[in-house]
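Structure, as structure tokens:
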Amino acid sequence: DGGITQSPKYLFRKEGQNVTLSCEQNLNHDAMYWYRQDPGQGLRLIYYSQIVNDFQKGDIAEGYSVSREKKESFPLTVTSAQKNPTAFYLCASKGQASNQPQHFGDGTRLSIL
Amino acid sequence: KQEVTQIPAALSVPEGENLVLNCSFTDSAIYNLQWFRQDPGKGLTSLLLIQSSQREQTSGRLNASLDKSSGRSTLYIAASQPGDSATYLCAVQTGANNLFFGTGTRLTVIP
């Protein structure tokens, strides 16, 4: 079955540590996205990529970095510069047609040790 | 900047009841409006997508309407079931990669 796989499901970060969240899709989608979800707030866009080797900042990119070396993969690194990283992180992908919705993975919950 | 509001924040209904969830947005220049379902600790599942030129979309017991000029959408769920219990999110797309989400309505269907 085609879909989006996020790993790990739970992740803990120590002070001063960088951590990387994995997102892989086999839907052959060009566009991929990272969102952050906090309680009581809507999803907020961190980074997005429309094509391999290209990515753009979203609304809350500070303290995060991404890469897009392969069409299937869009990993997100939460750096030590992100002072409030505790959240639920969601990865999504989308086909080219405007009438196609975004498809989401099951998320990674990041907490601070 | 586009703002999306969903009312109510939470709703409890007895099984079998028909219900309506509301979504409003501030800027009517949208590509489409989407309704998603989110189960606890899970990602989002797309339910319905309404293009800006459309007025409504239907899928099974779900019907979504769009009134772009007034900045409103409703999601109608017929004959609700306990399995419908989840958080329902509304999102509007304003550009190729700009999807603005509401904070959701948490629905509980009581058996």
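We did not get these values from a lab; they are worked out from the coordinates using the rules stated. Just so it is clear, the model here is predicted, and its values are computed rather than measured. A quick note on method: Cβ atoms are made from the backbone with ideal geometry, for glycine too, and the neighbour counts reach across all protein chains shown.
Among the candidates B:SER80, B:SER73, B:SER59, the residue that is more than 10 Å from every other protein chain (Cβ to nearest Cβ), surrounded by 20 or more Cβ atoms within 10 Å (Cβ to Cβ), polar (S, T, N, Q) and under 14 Å from the mean Cα position of the chain (by Cα) is uniquely B:SER73.
The residues in region A:5-56 that are of a type in the set (Lys, Arg), within 12 Å of chain B (Cβ to nearest Cβ) and surrounded by 12 or more Cβ atoms within 10 Å (Cβ to Cβ) can be counted, and the count is 2.
Would you pick out the residues in region A:59-72 that are in a loop (DSSP other than H, G, I, E, B) and among the charged types (D, E, K, R)?
Taking region A:59-72 as the starting set, the residues that turn out to be in a loop (DSSP other than H, G, I, E, B) are A:59-63, A:67-69, A:71-72.
Residues satisfying the conditions are A:ASP59, A:GLU62, A:ARG68, A:GLU69, A:LYS71, A:GLU72.
If you go through region B:89-110 and keep only what is out of contact with any Cys (no Cβ under 9 Å at 6 or more places or on another chain), within 15 Å of B:SER28 (Cα to Cα) and more than 9 Å from chain A (Cβ to nearest Cβ), you end up with B:THR94, B:GLY95. Only residues that are farther than 15 Å from A:ALA92 by Cβ and in a loop (DSSP other than H, G, I, E, B): list them for region A:39-58, please. Those that are farther than 15 Å from A:ALA92 by Cβ and in a loop (DSSP other than H, G, I, E, B): A:PRO39, A:GLY40, A:GLN41, A:VAL52, A:ASN53. Of all residues in region B:82-104, those satisfying the criterion of being within 12 Å of A:GLY42 (Cβ to Cβ) and of a type in the set (Val, Ile, Thr) are B:THR87, B:VAL92, B:THR103.
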